[in-house]
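Just so you know, all these numbers are worked out from the coordinates, no wet-lab data involved. Everything numeric here is computed off the predicted structure, so don't read it as measured data. Counting neighbours? That spans all protein chains shown, and the Cβs are built from the backbone with ideal geometry, glycine included.
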Amino acid sequence: MTVAQGAFHPQVRRSSADEQRRLAAVRRYQVLDSPPDGAFDKIASLAARIFGTPMATVSIVDSDRVWFKAAHGLKDISEIGRTPGLCASAIEHGEPYVVGDTLADPRTAAHPLVRGGPAIRFYAAAPITTADGHRLGTVNILDTRPRQLTRDRLEALSDLAALVMDELEQRLSALRTVAAERARRADAERLARTLQRTLLPPALPPVPGLDAAAAYHTASVDEVGGDFYDLFPLDDGRWAFFLGDVCGKGAEAAALTSLTRYTLRAAAIYDPDPCTALANLDAVLKGEFQGDNPRFCTAVFGVLDARPDGSFAVRLAGGGHPPALALRADGSVEAISTTGGQLIGLLPDPHFVQAATRLAPGDALLLYTDGLTEARTADGAMLGEDGLTRHLSAHASEGAEGLLATVHDLFTDLGTGVSDDTALLVLSVPPGSAHSPVQENR
């Protein structure tokens, strides 16, 4: 082993390009100004114990300073200027660097740590060297009295420097893994948001005499959910709407959601009867997904029919879906039950249940997926349909946007208790609304 010690030798300065590459390697390991780390502290302590010195450090050499990642026995010193003689000179050598008596050695006699506190008289260092040959810093041992080291002892110091390098490599590997995972999650989130937007209408169309609003609450930002909704005109002046939830998550759920949404739109054009629309969807799902991999969904499909008095007649059918809630102008909440309607796409001969109601001026209809009612309250209990009804009864709202805000407040209250995606669709008749006299649709 070659040792840089003894008489003064002119310091070999690296070229500016070499130094820039070395500093780039320092930056690559992201160690400068990092918090204390027990592994490096132990190495500094071990160095002092092995060599019987009162002080030992693990240093990283920056462009204009020497920063101590770990320091044993040095009080209140976390960094020093890049003054030649000690650490700043040690990284210029590919082998251990030893100064037996700092006051007698012209390389170190004027160094601040020699002339001032802590009055260093002995210094030895081994470079912390990367696999591609860049010296990031040194492992140092320091004493307040002159001394000498044998070559065998210096090999132990080099071993400690190699151990520091191993720790830095492991730390860099962990940082890269975390960064890659963050990038993967960011890409997944962007993809999920983009794909989710394609599965939902970009905006609800304006319906004369009606306010409509919709929202989608995402439980997981990096996974595509299977909730869907839509509102669209029929050829005879009526309006159709639906809301539902397909089984599963991810790409398969996205494909099923797309198929379901466009099938219901096409079914409504063919025959807008709510039960017939769900039956047609059931037939399509069974035709597409046969055998041991059935795909199914729940849904509510309805038709709005404007009346001359400003109200809307509503007929809707449900297949395995929670009931719609009618919020009346007087503050009461009424469940429009389609209980008994069965899952769509799963059973040999499913039964769908139809219901009817009227939305008078000041009334609103709320449709939602079960991510809302399956959310957990602070005591761990499921919110349920009764809990949702109580919340809506206690928080009067005006219009479709007001009702959405009321439900959003509920999401905020539940916090982490919301574990599934939730789609919301609100249809509200403004107070005092009245249409021009028209012939009622049949």
- prompt: Using θ = phi - 60° and the Karplus curve 6.51 cos²θ - 1.76 cosθ + 1.60, what whole-Hz ³J(HN,Hα) does each residue of the stretch 294-299 get, with Gly and Pro shown as x?
  reply: x, 10, 9, 8, 10, 6
- request: If a/c stays under 1.5 just call it rounded; otherwise compare a/b with b/c (prolate if a/b is bigger, oblate if not). Do that for the stretch 200-428, with a ≥ b ≥ c from the square roots of the Cα gyration tensor eigenvalues.
  value: oblate
query: For Ala283, what is the net charge nearby, where nearby means another residue's Cβ is under 15 Å from its Cβ and Lys, Arg count +1, Asp, Glu -1?
result: -3
- prompt: So what is the relative contact order for the chain, in percent, with contacts set as C-alpha pairs under 8 Å and at least six apart?
  reply: 12
task: For Thr177 and Asp349, calculate 0.36 nm times their separation in residues minus their Cα-Cα distance, and state this gained length in nm to one decimal.
output: 56.8 nm
statement: Dividing the helical contributions, -39500 (n - 2.57) per DSSP H run of n ≥ 4, by the residues of the chain yields a 222 nm value, nearest 500 deg cm²/dmol, of -11000 deg cm²/dmol
- prompt: What is the set of long-range amide H partners of Met55 at a cut-off below 5 Å, with H atoms built 1.01 Å from backbone N?
  reply: Leu142
statement: Within the set Ser16, Ser59, Ser332, GNM on the chain using Cα springs under 10 Å gives the largest fluctuation to Ser16
- prompt: Tell me, what ³J(HN,Hα) does each residue in the stretch 335-346 have, in order and in whole Hz, if you take phi through Karplus 6.51 cos²θ - 1.76 cosθ + 1.60 with θ = phi - 60° and put x for Gly and Pro?
  reply: 7, 8, 7, 10, 4, x, x, 9, 4, 9, x, 10
task: Taking the chain as the reference, fit the longest principal axis to its C-alpha atoms, fit the long axis of helix 384-394 to the helix C-alpha atoms, and give the angle between the two in degrees, 0 to 90, nearest 10.
output: 80
task: Quick one: angle between helix 399-414 and the longest Cα principal axis of the chain, in degrees between 0 and 90, rounded to 10, please.
output: 40
task: Just tell me which lysines come within less than 29 Å, Cα to Cα, of Lys69; anything on the same chain fewer than 8 places away is out.
output: Lys42
field: Principal-axis tilt of helix 151-199 within the chain, Cα atoms, nearest 10 degrees
entry: 20
- request: Order these peptides, 380-391, 310-321, 43-54, by their mean beta-carbon neighbour count within 10 angstrom, highest first.
  value: 310-321, 43-54, 380-391
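Quick check on the exposure proxy: order Lys42, Lys75, Lys249 from fewest to most C-beta atoms within 10 angstrom.
Values: Lys42 14, Lys75 8, Lys249 17.
Taking fewest neighbouring Cβ atoms as first place, the list is Lys75, Lys42, Lys249.
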query: Summing Lys, Arg as +1 and Asp, Glu as -1, what charge do residues with Cβ under 9 Å from the Cβ of Tyr29 carry, Tyr29 excluded?
result: +2
- line: Classified through the alpha carbon gyration tensor (a ≥ b ≥ c as square roots of its eigenvalues; rounded if a/c is under 1.5, else prolate when a/b is larger than b/c, else oblate), the stretch 20-106 comes out oblate
For the chain: rounded, prolate or oblate by the Cα gyration tensor [a/c cutoff 1.5]: prolate
